[in-house]
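Worksheet: the structure to be examined is printed underneath.
The values are calculated or read from the model by the stated rules, or taken from the named source; none is laboratory data. Keep in mind the model is a prediction, meaning the values are calculated, not measured. Reconstructed Cβ throughout: ideal geometry from the backbone, glycine too, with neighbour counts over all protein chains shown. Accessible surface is based on the protein model in full, side chains and every heavy atom, while ligands, DNA and RNA are left aside. Shrake-Rupley method; radii C 1.70, N 1.55, O 1.52, S 1.80 Å.
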Amino acid sequence: MPAKNTTTVPAPEAAPRRRHVLDLDDFSAAEIAEVLETTASMKEVLGRSIKQVPALRGKNVVNMFFEDSTRTRISFELAARSLSANVVSMSAKGSSVEKGESLMDTMRTLQALGADVIVMRHSEAGAPYFLAQHFHGSILNAGDGRHAHPTQGLLDLFTIQERFGRIEGLKVVIVGDILHSRVARSDLWGLTKMGAQVTLCAPPTLLGPTAFWLATWPDVTITSNLDEAIAGADVVMTLRLQKERQQAGLLPSLREYNRLFAITPERMAKAAPEAIVMHPGPMNEGVEIMPEVAVSSQSVIETQVTNGVAVRMALLYRLAGE
Amino acid sequence: MNEKQILSVDDIRRAITRIGHEIAERNEGVRNVVLVGIRRRGVPLAQRIAATLLDFEGVKVPVGTLDITLYRDDLALRGPAPVVHSTSIPLDITGRVVVLVDDVLYTGRTVRAALDALSDLGRPERTQLAVLVDRGHRELPIRADFVGKNVPTSSEERIETKLQEIDHVDDGVFIVR
């Protein structure tokens with residue numbers, strides 16, 4: 001028995017193995033750093049002539065996409081295949097979901113078929129959380145409603161760290177339809193945890209109540225003036241403007257949006273000299289970003305896509321040991 | 001815990017020099033040789049062998065680093081959240097003589113994983129294995145070509161290698177019971 005007045009310092013414990021990846025809100029900065037380190041190694045694998053390692057041999061990964069997304073689905077498929085997992089992809093269209101089967105029933109069927117990891121994209125926020133309560137394996141959120149997109153958040157962090165060698169202290173501006181963006185939310189968790197200074201820049205109709213953002217991320221700066229926000233920024237991250245927002249009356253016109261919020265060469269000139277431009281894709285060139293910026297040497301948009309595969313490999317690898 | 005030193009700083013230095021000579025002799029020089037250290041302690045050992053070869057052969061032998069985490073067959077049995085470290089081989093290993101270097105040879109599973117990893121990186125003309133300590137208890141048909149010291153152990157014992165570059169203490173190999 002320990003003597004009186006002695007403090008027992010517990011030995012540092014390794015982080016418990018993670019079962020699900022639903023958002024970045026429950027990641028510590030240390031775990032994010034670990035994922036980014038593993039991502040760098042996965043990127044090395046993707047640069048080889050044989051882009052495959054046997055780490056997940058014999059594991060079944062099911063891509064369950066209830067919302068169309070060719071790019072993300074292919075990225076997840078390539079990631080799982082590069083780790084030698086068996087991969088199948090299903091979409092709601094043409095499946096039993098159209099015949100009225102519930103999400104729960106679909107999950108149970110996939111479980112009975114031997115799925116180890118379900119990668120899930122859903123238009124409703126919270127759908128992956130619901131499955132995570134019942135599924136015996138791991139759930140990886142590939143985007144749910146306007147709530148979270150953790151793999152996009154991590155690939156953005158990786159891309160920034162790769163370019164600058166750090167994230168802490170960098171000035172990051174997120175521009176565009178922040179109100180409806182799951183990418184912005186996951187990026188906010190990741191960037192603030194890693195010590196970046198984040199500015200949100202959007203027209204008030206595409207931002208929503210300022211109090212909401214400040215309640216969750218008290219250190220972010222909020223503005224509707226892009227020229228001010230971009231001054232001295234290291235990272236300019238623009239979001240896709242969904243054109244239906246104009247039909248919904250949230251924008252007077254796309255031309256006005258373009259004039260006030262598009263990333264143009266003139267605006268980029270106000271950013272830091274080494275600044276980079278990011279976009280989660282798909283882009284509306286000429287709306288939120290001008291074509292000459294999208295293909296400039298400052299653009300890391302294609303690198304983001306490449307890094308997406310490596311990040312997804314890192315997460316699948318982390319989950320699949322269960 | 002009972003700890004017994006089996007190799008001292010000088011023993012390790014001599015073993016490395018001898019392994020270097022044996023590599024040069026076996027391969028009739030080292031012009032075609034690439035040393036690949038298995039992370040973690042195989043890497044500084046490979047670098048030390050390369051330094052020895054530069055000394056007495058006058059050839060700068062390239063040294064690579066191999067992380068075998070993604071090739072292990074015991075992912076589910078291992079600790080939480082394994083971090084994968086980098087693999088970096090400075091040149092195409094196809095047609096070269098690759099000497100894998102590790103500190104301890106035990107079950108052979110690490111070496112098997114390393115051989116798998118190498119075969120994804122190229123097709124060496126030959127692959128050889130150099131280890132500082134061979135402690136027996138093989139679970140696979142693998143043997144080392146160059147051995148610093150054979151140490152018969154019981155499976156209850158553990159071999160602990162300390163190297164300046166990684167552990168920041170004097171070099172030494174210990175049996176821990």
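Of note:
- Taking the listed residues A:Glu31, A:Glu37, the one that is out of contact with any Leu (no Cβ under 9 Å at 6 or more places or on another chain), within 9 Å of chain B (Cβ to nearest Cβ) and closer than 30 Å to B:Leu115 by Cβ is A:Glu37, with no other qualifying.
- Cross-chain or 6+ apart pairs with Cβ under 9 Å, segment A:64-85 first and within 17 Å of A:Ala310 (Cβ to Cβ), then outside any helix (DSSP H, G or I) and acidic (Asp, Glu): A:Ala85/A:Asp116
- Taking residues in segment B:72-89 that are facing chain A (nearest Cβ under 7 Å), and partners anywhere that are open to solvent by 60 Å² or more (accessible area, probe 1.4 Å) and at pLDDT below 60, the pairs with Cβ atoms closer than 8 Å and at least 6 places apart or on different chains are B:Ala76/A:Glu322; B:Gly79/A:Ala14; B:Pro80/A:Ala14; B:Ala81/A:Ala14.
- Test for A:Val45: is it part of a loop (DSSP other than H, G, I, E, B), facing another protein chain (nearest Cβ under 10 Å) and either within 18 Å of A:Ser75 (Cβ to Cβ) or not hydrophobic (A, V, I, L, M, F, W, C) (or both): no
- For segment A:28-43, a residue qualifies if it is open to solvent by less than 10 Å² (accessible area, probe 1.4 Å) and not hydrophobic (A, V, I, L, M, F, W, C), and the qualifying residues are A:Thr38, A:Thr39, A:Ser41.
- Residue match in segment A:144-158 (condition: in contact with a His (Cβ under 9 Å, 6 or more places away or on another chain), in contact (Cβ under 8 Å) with a residue 40 or more places away in the chain and of a type in the set (A, V, I, L, M)): no
- Here B:Arg31 meets each of (1) open to solvent by 70 Å² or more (accessible area, probe 1.4 Å); (2) among the charged types (D, E, K, R); (3) part of a helix (DSSP H, G or I) with one exception, condition (3).
- In segment B:38-61, the residues that are under 17 Å from B:Asp170 (Cα atoms) form Cβ pairs under 9 Å with partners that are open to solvent by less than 20 Å² (accessible area, probe 1.4 Å) and in a helix (DSSP H, G or I), at six or more places apart or across chains, as follows: B:Gly42/B:Ala114; B:Leu45/B:Ile12; B:Leu45/B:Ile16; B:Leu45/B:Ile19; B:Arg48/B:Ile12; B:Arg48/B:Ile16; B:Arg48/B:Gly20.
- Within segment A:190-209, the set of residues being open to solvent by 60 Å² or more (accessible area, probe 1.4 Å), under 25 Å from A:Asp26 (Cβ atoms) and part of a helix (DSSP H, G or I) comprises just one member, A:Lys193.
- Scan of segment A:51-73 for residues that are hydrophobic (A, V, I, L, M, F, W, C) and touching a strand residue (DSSP E or B) at 6+ places or on another chain (Cβ under 9 Å), ordered by number: A:Leu56, A:Val61, A:Val62, A:Met64, A:Phe65, A:Phe66
- Check on A:Ala132, at pLDDT 95 or above, of a type in the set (A, V, I, L, M, F, W, C) and more than 19 Å from A:His279 (Cα to Cα): yes
- Filter pass, B:Val84 being in contact with a Leu (Cβ under 9 Å, 6 or more places away or on another chain), among the hydrophobic types (A, V, I, L, M, F, W, C), at pLDDT below 90 and outside any helix (DSSP H, G or I): yes
- Looking at B:Arg40, B:Arg18, B:Arg78, just one residue is at pLDDT below 95 and either within 17 Å of the chain's Cα centre (by Cα) or of a type in the set (Ser, Thr, Tyr) (or both), and that residue is B:Arg40.
- Taken over segment B:87-103, the criterion of being in a loop (DSSP other than H, G, I, E, B) and open to solvent by less than 30 Å² (accessible area, probe 1.4 Å) is satisfied by B:Thr87, B:Ile93.
- Residues of segment A:235-273 satisfying the condition of being buried (at least 18 other Cβ atoms within 10 Å of the Cβ), under 26 Å from A:Arg146 (Cα atoms) and of a type in the set (D, E, K, R): A:Arg240, A:Arg245
- Output for segment B:114-159, where each listed residue is among the small types (Gly, Ala, Ser) and out of contact with any Ser or Thr (no Cβ under 6 Å at 6 or more places or on another chain): B:Ala114, B:Ala117, B:Ser119, B:Ala130, B:Gly136, B:Ala144, B:Gly148, B:Ser154, B:Ser155
- The residues in segment A:130-175 that are farther than 23 Å from A:Thr303 by Cβ and open to solvent by 10 Å² or more (accessible area, probe 1.4 Å) can be counted, and the count is 9.
- Among the residues making up segment A:75-89, none is more than 14 Å from chain B (Cβ to nearest Cβ) and at positive phi.
- Segments classed as strands (runs of 3 or more DSSP E), wholly inside segment A:217-322, with at least 2 members that are not hydroxyl-bearing (Ser, Thr, Tyr): A:235-238, A:276-278
- Within segment A:54-74, the set of residues being within 7 Å of chain B (Cβ to nearest Cβ) and either modelled with pLDDT of 95 or more or surrounded by fewer than 23 Cβ atoms within 10 Å (Cβ to Cβ) (or both) comprises just one member, A:Pro54.
- Only a single criterion out of (1) assigned to a helix (DSSP H, G or I); (2) within 30 Å of A:Arg18 (Cβ to Cβ) is not satisfied by B:Leu115, namely (2).
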